[in-house]
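Chemist: Sharing a structure, written as structure tokens. Questions coming.
The values are calculated or read from the model by the stated rules, or taken from the named source; none is laboratory data. Since this is a predicted model, take the numbers as computed values, not measurements. Note: ideal-geometry Cβ built from the backbone for every residue, glycine included; neighbour counts use all protein chains shown. We work out accessible area using only protein heavy atoms, side chains counted, and drop any ligands, DNA or RNA first. Shrake-Rupley method; radii C 1.70, N 1.55, O 1.52, S 1.80 Å.
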Amino acid sequence: MARETIDHLSDCIYSIILIIWCGREDSNLHGLLHSDLNAARLPVPPRPHAEVDARYTGQLRDCEGQSDCYMQIMLNSTTIEWAVSEGLTSYEDAVRFMEGRARSIHAGEAVELVWLLEHPPLYTAGTSAKPQDLLVPDRFPVYKTGRGGEYTYHGPGQRVAYVMLDVAKRRRDVRAFVADLETWIISALSTFNIDAGTREGRVGVWVDRTQSGGPLREDKIAAIGVRLRRWVSYHGISLNVEPDLNHFGGITPCGIADPRYGVTSLVDLGYPVDMADADAALRQAFEQTFEYDTVPVSIQI
């Protein structure tokens, strides 16, 4: 069987696995306004930050401005790129970039990347989205996605982290990879002394807000929705820092209409955390969870 055919079948199989895994959640995060080449273009490598493994720091400094040299070192290190985009990023541009970058990572032409950003207000519909769960169709733009899950919301004040990682280097275990994403979020929230966790049958990260003697009440603070293409992940996670929670009212988030389960954010819980605080916590927790160092880069799309 030709290699291209095998790759195509593998892509389909891995996508189906993730649709099943994320099928009941409002998986957030969701790439080529430019050509494939532009979408996958590496940013100019900056100076690495102090936490990068000392074995590579000097080598990267010597390679500054030399993309071939930089690529060779990065692909053979335990270091990935970490980008934070300011302002609001178009959803279409983000998806096109992700898809292009995932292809380049698979081909060994780009370094793994975690990309943090915010979107303008919008809804996304996963492969399991039901028309009746879009309660206010004309409120915000609605985008159909290839990820698993149902309807979700993205908007200002929500930190989206697109995770483009080679899962083939991480045991080729989809469930373990999703569990690592959950651990990453839970660890980041623990920085603010927030006791968050996962729930059986409800994907994502939740906090218990049940009052003493009262009925059960749990709110989702972060969502997970990934897809693999040839073992490279894209899409990722979203963490509610300070979004307008009323915007979730235009959909039935993750198809769960049960009034016991809602949506919350760091600020809604009473924690005066800004996006920079959240980013710092996410970066530190990512490095601890995945045991990789990160190098800050800039992304232009």
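Chemist: Rolling a 1.4 Å sphere over the protein heavy atoms, what is the accessible area per residue of region 121-166, to the nearest Å²? Before the final figure, lay out each step's value.
Modeler: Working: 1640 Å² over 46 residues.
Result: 36 Å² per residue.
Chemist: Fully extended, how many nm does the chain gain between ARG202 and ALA257 (0.36 nm per residue separation, minus their Cα-Cα distance)? Kindly include the intermediate steps, with their values, before the conclusion.
Modeler: Working: separation 55, 0.36 × 55 = 19.80 nm, distance 1.27 nm.
Extra length from ARG202 to ALA257 when fully extended: 18.5 nm.
Chemist: Using a 1.4 Å probe, how large is the accessible area of GLU99, given in Å² and rounded to the nearest 10?
Modeler: Surface accessible to solvent at GLU99 totals approximately 50 Å².
Chemist: Which percent of the accessible heavy-atom area of region 155-285 goes to carbon and sulfur, probe 1.4 angstrom?
Modeler: For region 155-285, the apolar C and S fraction of the accessible surface comes to 46 percent.
Chemist: Can you tell me how much longer the chain between LYS130 and ALA276 gets when fully stretched, taken as 0.36 nm per residue apart minus their C-alpha distance, in nm with one decimal?
Modeler: Between LYS130 and ALA276, full extension yields an extra 49.0 nm.
Chemist: Given an 8 Å cut-off on Cα distances and at least 6 residues of separation, report the relative contact order of region 200-263 as a percent.
Modeler: Numbers: 72 pairs, mean separation 19.2, N = 64.
Worked out over region 200-263, it gives 30 percent.
Chemist: Might you work out the accessible area of ARG229 for me, using a 1.4 Å probe with all protein chains in place, and round it to the nearest 10 Å²?
Modeler: 50 Å²
Chemist: Turning to a different aspect of this structure: Based on the Cα coordinates of region 241-296, what is the per residue volume of their convex hull in Å³?
Modeler: Taking the convex hull of the Cα positions in region 241-296, it is 135 Å³ per residue.
Chemist: For LYS144, list the lysines whose Cα falls under 18 Å from its own Cα; do not include residues on the same chain fewer than 8 positions away.
Modeler: LYS130
Chemist: Identify the chymotrypsin sites (Phe, Trp or Tyr not before Pro) of region 243-301 meeting these criteria: DSSP loop state and at most 10 other C-beta atoms within 10 Å of the C-beta. Kindly include the intermediate steps, with their values, before the conclusion.
Modeler: Details: sites: PHE248, TYR261, PHE286, PHE290, TYR292; in loops: TYR292.
Sparse-neighbourhood loop chymotrypsin sites (Phe, Trp or Tyr not before Pro): none present.
Chemist: Give me log10 I(q)/I(0) at q = 0.13, 0.27, 0.29 Å⁻¹ for region 160-224, Debye formula, one equal scatterer per alpha-carbon, no solvent.
Modeler: Treating every Cα as an identical point scatterer, log10 I(q)/I(0) equals -0.43, -1.22, -1.29.
Chemist: On a 1.4 Å probe surface of the protein chains, which of THR152, THR198 comes out largest in accessible area, and what is the full order? Before the final figure, lay out the partial values.
Modeler: Working: THR152 0, THR198 65 Å².
Result, largest first: THR198, THR152.
Chemist: Distance in nm between label sites at GLU86 and ALA176, each 7 Å beyond Cα in the beta-carbon direction?
Modeler: Distance between the two pseudo-spin positions: 4.0 nm.
Chemist: Express in whole angstrom the spacing between the alpha-carbon centres of region 84-127 and region 180-204.
Modeler: What the calculation gives is 23 Å, centre to centre.
Chemist: For region 186-257, report the translational diffusion coefficient in µm²/s to the nearest whole number, using Stokes-Einstein at 10 °C, 1.306 mPa s, and a Kirkwood Rh over Cα pairs.
Modeler: Values: Rh = 14.2 Å.
Here the translational diffusion coefficient equals 112 µm²/s.
Chemist: Moving to a separate point now. Please give the length that would be gained between ARG209 and GLU291 if that part of the chain were fully extended, namely 0.36 nm times their separation in residues minus their C-alpha to C-alpha distance (nm, one decimal). Intermediate values should be presented prior to the final figure.
Modeler: Details: separation 82, 0.36 × 82 = 29.52 nm, distance 3.19 nm.
Stretched fully, the ARG209-GLU291 segment lengthens by 26.3 nm.
Chemist: Can I ask one more? Averaging over all projection directions, find the projected area of the Cα convex hull of region 103-257 and quote it in nm² with one decimal place.
Modeler: On the way: hull surface 41.0 nm².
Projected area, direction-averaged: 10.3 nm².
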